[in-house]
Amino acid sequence: MTAPVTVSLVHTPDERVFRAHVSGGAFLRGAVRGRWRLVSISWPYALITVSAAPREHGVSELLLRFDLSNYPNATPTAAPWDAERNALLDPGRWPTGHSRVASAFNPGWNPQALYLPCDRLAIAGHDPWRTQHPSMIWSPTGDITQYLRIVHELLNSSDYTGPRSISPRA
Amino acid sequence: METIQVFLQGEGIGAIRLIELPASARVRDIVAAAAAHGFPAAADGNTAVIFAEDSDDALSTDATLEAAGIGHHGSVHVHRCTKITTTVHFNGGSRVHSFVPGTTIGRVKHWAVGEDVFNLTPVDAAEHVLQITGTQDRPDEDIHIGTLVHVPHCAIELDLVAKVRVEGYR
């Protein structure tokens, strides 16, 4: 279960906090339950997979690359990632769904981020979300499981239908 | 000495904690570990009660962890309330049930959407979530309800609310 560790003589304060959080109870419990899995850390980036419900032509887990600069004071941002190409995931392979999932995973808006209030790139310019979706707003007093729980719920909801290139249009 | 890791939640503890105990430890040793993470000292005749997650019976404090069924990566709860009066509001109605503190939000939701309570269809149930009444807080389904209450107020009120699509981009 222990993730590969990037050898670094000195960790910055934000990386130290992140490493403490992914060694803590909330993250590890989710990992033990198969909800998510830390793949690697190459600061300020981290690769984490989130498990997805079985769907025709779907994947068992979605890999996300997080930019965790100034974690946890700054809101993280994440994008679906292609491990084989070490690049952004092709939009056709992004998850989609009937409504909520299609809205959150929208490469047409930005292929480098998820359209969620907990995402740094998405919340910029969407101040109304702070009152419309308060439970999804990033809190600096929390940890990365805030973001992961939201993604896990979407990928395991009845709304989720599979990859965009196969699923009916939302 | 062989040790095991146990996920701990409880009164005054807040986040899910990961504690390490000798494999030969007894249930009562969990209380000392909980105190180190914020569990209040027994007072006013309120003694600590320990539960396995989602189990209705309090654990015998003299039992070994093994005899109590607590293994590596098991989940436990420590509280001074023995029961929590839980009220769920939905669609203008309210239902009440007593749960033990180690009951997960997920189990409370399962009860609330069941055919004997609010009788939601599986699709509707999946698109609803429990929110603490009077707040915007939506505890994760793995959170024990005991973490949300403190002696002497051994009660909680929750609203069953719909999940909402994040809007803003066209």
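The values are calculated or read from the model by the stated rules, or taken from the named source; none is laboratory data. Model, not experiment: these values are computed from the prediction. When we count neighbours, we look across all protein chains shown, and the Cβ atoms used for this are built from the backbone with ideal geometry, even at glycine. Keep in mind that these areas ignore ligands, DNA and RNA; they rest on the heavy atoms of the full protein, side chains included. Shrake-Rupley method; radii C 1.70, N 1.55, O 1.52, S 1.80 Å.
Quick look at the numbers
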quantity: Rounded to the nearest 10 Å², the accessible area of residue B:95 at probe 1.4 Å; calculated: 90
quantity: ³J(HN,Hα), Karplus 6.51/-1.76/1.60, whole Hz, each residue of region B:61-74, x for Gly, Pro; calculated: 5, 7, 6, 6, 4, 4, 5, 7, x, 9, x, 4, 6, x
quantity: Whole-angstrom Cα spans of region B:11-170 along principal axes, big to small; calculated: 56, 35, 29
quantity: Vicinal HN-Hα couplings computed from phi for region A:26-38 (Karplus, 6.51 cos²θ - 1.76 cosθ + 1.60; Hz; Gly/Pro x); calculated: 4, 5, 5, 4, x, 5, 4, 7, x, 6, 8, 8, 6
quantity: Relative contact order of chain A, pairs being alpha-carbon contacts under 8 Å that are 6 or more residues apart, as %; calculated: 23
quantity: Estimated vicinal HN-Hα couplings, Hz - region B:16-27 in sequence order (Karplus 6.51, -1.76, 1.60; Gly, Pro = x); calculated: 5, 10, 10, 10, 10, 10, x, 4, 8, 5, 9, 4
quantity: Mean shadow area of the protein assembly as shown over all directions, Cα convex hull, nm²; calculated: 19.1
quantity: Low-density loop positions, chymotrypsin sites (Phe, Trp or Tyr not before Pro), region A:89-170 - DSSP coil, at most 10 other Cβ in 10 Å; calculated: none
quantity: Estimated [θ] at 222 nm from DSSP helical runs (n ≥ 4, -39500 (n - 2.57)) normalised by residues in chain A, nearest 500; calculated: -6000 deg cm²/dmol
quantity: Rough spin-label spacing in nm, given labels placed 7 Å along Cα→Cβ, for residue A:74 and residue B:150; calculated: 3.5
quantity: Solvent exposure ordering (accessible area, 1.4 Å, most first) of B:29, A:119; calculated: B:29, A:119
quantity: Label-point gap, in nm, between residue A:141 and residue A:124 - each point 7 angstrom along Cα→Cβ; calculated: 2.7
quantity: Zone residues, region B:137-170, relative to residue A:98, backbone N less than 19 Å from point 7 Å out along Cα-to-Cβ; calculated: B:161-167
quantity: Residue-level accessible surface for residue A:123, protein heavy atoms, 1.4 Å, Å²; calculated: 20
quantity: Average partner coverage of A:25-37, which counts Cβ from other chains inside 10 Å; calculated: 4
quantity: Burial order of peptide ranges B:14-23, B:139-148 (average beta-carbon count within 10 Å, highest first); calculated: B:139-148, B:14-23
quantity: Residue-averaged beta-carbon neighbours from other chains (10 angstrom radius) around A:129-136; calculated: 4
quantity: Nearest 10 degrees, 0 to 90: helix A:145-155 Cα axis against chain A principal axis; calculated: 20
quantity: Over chain B: helical MRE at 222 nm, DSSP H runs n ≥ 4 each giving -39500 (n - 2.57), nearest 500; calculated: -3000 deg cm²/dmol
quantity: Residue A:152 accessible area, 1.4 Å probe, all protein chains in place, Å² to nearest 10; calculated: 30
quantity: Förster radius 22 Å - calculated FRET efficiency between residue B:96 and residue B:123, Cβ distance, rounded to 0.05; calculated: 0.25
quantity: Protein accessible area in region B:76-123, 1.4 Å probe - carbon and sulfur %; calculated: 49
quantity: Calculated FRET efficiency for the pair residue A:132/residue B:23, C-beta based, R₀ 56 Å, to 0.05; calculated: 0.70
quantity: Antiparallel DSSP beta bridges within chain B, as percent of all bridges there, nearest 5; calculated: 75
quantity: Burial order of peptide ranges A:21-32, B:105-116 (average beta-carbon count within 10 Å, highest first); calculated: A:21-32, B:105-116
quantity: Calculated FRET value between residue B:141 and residue B:82, using beta carbons and R₀ = 30 Å, to 0.05; calculated: 0.85
